[in-house]
Amino acid sequence: MRYGYERRRESATPAAGSASLVFTALLALSGFHPLNLVNISIVFGMVLMPLTYYPIMGVAMDKGILKRRAILL
């Protein structure tokens, strides 16, 4: 280490990439079908979608927060 230079922190990107590679390799070796994982993620996304849109629409229709820019239905 040279004088005058601070030591940089290691990035978490290589560790995350390695962990995801190990996870997918174990998933492939276990015999799990990847399309089942896709189907499960789509179903969970459909279930959780309204829970993310209701707060956004609630704020969009609130005149107290958005004043004249509020959406009036």
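Coordinate-derived values only; no laboratory data. Note that the coordinates shown come from a computational prediction; the quantities given were computed from them, not determined experimentally.
Using the Karplus relation 6.51 cos²θ - 1.76 cosθ + 1.60 with θ = phi - 60°, the per-residue 3J(HN,Hα) values for the stretch 30-41 come to 6, x, 6, 7, x, 5, 5, 5, 5, 4, 5, 5 Hz, with x marking Gly and Pro.
Taking amide hydrogens as placed 1.01 Å from N in the peptide plane, the amide H of M61 sits under 5 Å from those of I71, each at least 5 positions away in sequence or on another chain.
The Kirkwood hydrodynamic radius of the chain, based on inverse pair distances between different Cα atoms, is 17.6 Å.
Were the residues from V38 through A60 laid out at 0.36 nm apart, the gain over their Cα-Cα distance would be 4.7 nm. With 0.36 nm allotted per residue and the present C-alpha distance subtracted, the S11-L27 stretch has 3.2 nm of extension available.
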